[in-house]
Amino acid sequence: MYVCGTGIFISPTVVLEGVGSSVGLSLLVWTLCGVVTYCAAMCYAEYGTRVKKSGGTYTYIREAFGDLAGFVFLWTQLVLVRPLSVVLASLASAEYIMRPLFQACPDMAPTTSKVMLGFVILGFFVMANMYSVRLGARLQTIATVCKVFALLSIIVGGLLHLCQGHTENFSDPFRTTTLKPGNVAMAIYAGLYAYGGWDNVNMAVEEVMNPHRTIPICILGGLAIPTLAYILGNVAYHAVLTNDEILSGIAVAVTFGERKLGLFKWIILPCVAISAGGIANAVIFTSSRLNFVGGRDGLFPRFLGMVNVQRRTPQPSIITLFLVAVLVMCLGDVRSVIGAYSFFKAGGEFLGVLGMFRIRRKHPATKQTYKVHWLFPVIYVVFFLALSITAVVYDPRTYLVPFLIMLLGVPLYYMSRSRWWQSGHLATFNRWIIMICHRLLLCEHASQEAG
């Protein structure tokens with residue numbers, strides 16, 4: 001089932017800024033992102049009934065384009081997408097904790113303090129997931145409850161404000177300042193970030209009962225609810241706040257609480273901070289399964305597939321994610337992370353959808369196959385190509401370095417297949433890591449069934 005993301009608490013500022021402070025265009029962006037995501041999700045609904053293997057996007061890319069494409073996808077997930085997602089959630093949580101302390105002058109909130117607080121939040125969830133799977137699941141339940149409670153409070157408060165006749169912020173909804181293609185692309189990426197998570201239902205398709213019926217219903221219902229909630233949430237923001245107030249900082253819910261919720265804000269704001277941290281917890285929790293699949297297929301180092309003997313938690317995989325995330329955290333800015341994250345995450349989903357017609361030939365339909373119209377993959381592929389080209393052309397600095405890091409996966413794949421890799425110094429290094437995991441972390445290799 002789709003989990004409503006925390007993007008609604010941090011993306012509205014980026015979206016509104018990208019469309020030139022136009023209320024109408026910002027609402028259109030949120031709606032467009034929901035429609036485009038639905039097209040991709042319906043393609044994945046067919047995958048779930050046609051390819052009976054776990055692994056989600058990685059499995060579909062590997063089935064369609066081979067081991068090289070699968071390795072590059074996993075490499076991108078390991079060094080870019082997953083760390084960027086964890087960092088984004090940790091920094092968003094830190095932003096909501098720090099912002100009330102600098103409400104009168106939000107620009108004076110020191111970036112260094114937010115980054116250090118982000119380290120603390122990230123470390124907490126890393127330790128929780130290393131200690132116990134059950135503890136991580138309980139923290140996720142708490143974060144989800146806080147997220148739903150905060151979002152409902154904002155929607156109800158904003159709609160009540162609107163029903164009282166306060167419609168002045170919607171008097172000229174399509175008035176805009178300057179509209180630049182690169183900024184519009186960033187706005188769409190920010191909107192897509194809020195819809196992230198729809199593909200997780202296919203991560204464990206082998207464990208789903210009656211996938212022909214269950215997966216399409218989960219995706220349809222799981223996307224309709226967040227789309228409606230996001231549109232209503234943004235209507236609530238714009239009903240209460242002016243454009244300048246929304247653009248004053250990423251933590252838009254803080255400003256909303258100051259204007260509308262009174263003392264009740266001290267209940268809502270901690271809920272938002274906890275829900276943002278919950279995204280980091282969820283990514284840490286799910287990344288271990290993805291790393292296990294890569295280890296199972298022989299594409300990743302074996303130590304990433306190890307689990308603690310007593311706790312049964314994938315501690316080497318979690319520590320690796322933590323170390324990469326610490327390096328990314330030094331960027332220290334939500335805006336600089338959200339675009340790159342959405343670009344590469346959507347890029348993986350783009351490759352997954354692009355391989356649909358090839359997978360249809362490799363895996364013929366049965367009576368249980370849910371088949372979507374060919375327009376769904378075509379719409380998503382064309383949309384993503386246009387969006388990506390626009391983003392790279394108008395803002396190459398944001399995407400060029402991460403793109404080069406992604407391409408580094410190509411030589412790494414061929415190196416991993418060479419004798420030098422398998423029997424040289426790197427093989428020795430891998431054995432040392434495995435020995436350290438055995439002796440210090442008390443870890444062993446997980447079987448395929450444990451994943």
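List of remarks:
- Hz values of 3J(HN,Hα) by residue in segment 364-372 - Karplus curve (6.51, -1.76, 1.60), Gly and Pro given as x: x, 6, 10, 5, 8, 7, 8, 10, 9
- The chain, accessible surface, carbon-and-sulfur percent (1.4 angstrom probe): 67 percent
- Considering helices alone, the calculated mean residue ellipticity of the chain at 222 nm is -23000 deg cm²/dmol, with DSSP H runs of length four and up weighted by -39500 (n - 2.57) and normalised per residue.
- Counting only alpha carbon atoms, the long axis of helix 211-240 and the longest principal axis of the chain meet at about 30°.
- Of Tyr38, Tyr195, the residue with the largest accessible area leads and the full order is Tyr38, Tyr195 (1.4 Å probe).
- Converting phi to 3J(HN,Hα) with the Karplus coefficients 6.51, -1.76 and 1.60 and the offset θ = phi - 60°, segment 55-61 yields x, x, 4, 4, 4, 5, 5 Hz in sequence order, with x at every glycine or proline.
- Straight-line cross-link reach from Lys265 at under 25 Å between alpha-carbon atoms covers these lysines, not counting any fewer than eight positions away in the same chain: Lys114, Lys147.
- Available extension along the chain between Leu400 and Gln368 is 7.2 nm, counting 0.36 nm per residue and deducting the alpha carbon span.
- Prolate/oblate/rounded call for segment 236-284, Cα gyration tensor, a/c under 1.5 rounded: oblate
- Residue-wise HN-Hα couplings along segment 383-398, as the Karplus relation 6.51 cos²θ - 1.76 cosθ + 1.60 with θ = phi - 60° gives them from phi, are 4, 5, 4, 4, 5, 5, 4, 4, 5, 5, 5, 8, 8, x, 5, 5 Hz; Gly and Pro carry x.
- Accessible-area rank, largest first, for Lys260, Lys265: Lys260, Lys265, with all protein chains present and a 1.4 angstrom probe.
- By accessible area with a 1.4 Å probe, ligands and nucleic acids excluded, highest first: order of Leu80, Leu408: Leu408, Leu80
- Over the chain, accessible surface divided per residue gives 44 Å², non-protein components excluded, 1.4 Å probe.
- Pair Phe264, Arg361: separation of 7 Å Cα→Cβ label points (nm): 5.8 nm
- You can think of it this way: the chain between Asp244 and Tyr131 has 36.3 nm of extra reach, that is 0.36 nm per residue less the Cα-Cα gap.
- Asp244 contributes about 120 Å² of solvent-accessible surface, heavy atoms of the protein only, 1.4 Å probe.
- Taking all protein chains as shown and a probe of 1.4 angstrom, Arg311 keeps an accessible surface of around 110 Å².
- Counting only heavy atoms of the protein chains and using a 1.4 Å probe, Leu101 has close to 130 Å² of accessible surface.
- Taking amide H as placed 1.01 Å from N in the peptide plane, the amide H of Cys443 sits under 5 Å from that of Val309, His438, each at least 5 places away or on another chain.
The values are calculated or read from the model by the stated rules, or taken from the named source; none is laboratory data. Only a predicted model underlies this, so the values are computations on that prediction, with no experimental measurement involved. Cβ sites come from the backbone with ideal geometry, for glycine too, and all protein chains shown count toward neighbours. Protein only, heavy atoms only, side chains kept; ligands, DNA and RNA dropped before computing areas. Shrake-Rupley method; radii C 1.70, N 1.55, O 1.52, S 1.80 Å.
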